[in-house]
Amino acid sequence: MKTPTMRRAMTLLELLVGLVIFSFAILPILSFGTTTTRTTYITGKHLMAGQIAASLLDRLLALPYEEALAEAERLRGLGTAKVLEDPWLVSVLEHQGLAAGRRVLEEDLGKTFRFFEFKVGIDKDSSSGVADRMFLLTVLVSWRVEEGDENSRTALILQGVKFNDLR
């Protein structure tokens, strides 16, 4: 009589069952990675919008009162404008010192900020008699959350008060 010999290999069915169990175990890990990547991307866009808004607001608040008011009114007159069409940014890019790397810089900015837009608002409270002493600046920066979907646009708003110290 023959004695049973020990198996040395797995059957195809055992291998398939093992693969199915492994795939169910790895699916949540892959899903977590995708979610983390998407969250990081959205957070990065939000941080960029905050930097754009803060830069624009700081630039306006640093000017003397009359110049700040004139520049804010000029920017408000633009309505919603693309960040890359900001006259100040264009003038910086045209600076002679940047001429050598301008093409590379413009390509990089074009990729990073192509869907970012800004809008400047001014609120002068003339009813209280302080319109010549201060005004509220509002900077709104918007961007697309989903690439290619204009309806997914979201925004960040920063505000600051400009005081006329000379009056």
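The values are calculated or read from the model by the stated rules, or taken from the named source; none is laboratory data. Note that the structure is predicted; figures quoted are calculated from it, not measured. Because the Cβ atoms are built from the backbone with ideal geometry, glycine has one as well, and the counts that use them run over all protein chains shown.
The condition of being outside any helix (DSSP H, G or I) and of a type in the set (A, V, I, L, M) holds for only one of Ala9, Ala53, that being Ala9.
The rows are residues; the columns are (1) of a type outside the set (Gly, Ala, Ser); (2) closer than 28 Å to Val83 by Cα; (3) touching a Lys or Arg at 6+ places or on another chain (Cβ under 9 Å).
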| site | (1), (2), (3) |
| --- | --- |
| Leu12 | yes, no, no |
| Ala25 | no, no, no |
| Gly33 | no, no, no |
| Tyr65 | yes, yes, yes |
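I'm trying to understand the selection: among the residues of the stretch 135-148, which are surrounded by fewer than 18 Cβ atoms within 10 Å (Cβ to Cβ) and over 14 Å from the mean Cα position of the chain (by Cα)? Residues satisfying the conditions are Leu136, Thr138, Gly148.
The C-beta contact set for the stretch 65-84 (first residue closer than 14 Å to Leu136 by Cβ, second residue modelled with pLDDT of 90 or more and in a helix (DSSP H, G or I), distance under 7 angstrom, 6+ apart or interchain) comprises Ala68/Leu60; Ala68/Leu61; Ala72/Leu60.
Among all residues of the stretch 102-111, there is none that is within 19 Å of the chain's Cα centre (by Cα) and at pLDDT 85 or above.
Yes/no per residue for (1) more than 30 Å from Lys162 (Cβ to Cβ); (2) basic (Lys, Arg); (3) surrounded by 10 or more Cβ atoms within 10 Å (Cβ to Cβ):
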| residue | (1), (2), (3) |
| --- | --- |
| Ala9 | yes, no, no |
| Thr35 | yes, no, yes |
| Asp58 | no, no, yes |
| Leu61 | no, no, yes |
| Glu66 | no, no, yes |
| Glu73 | no, no, yes |
| Gly79 | no, no, no |
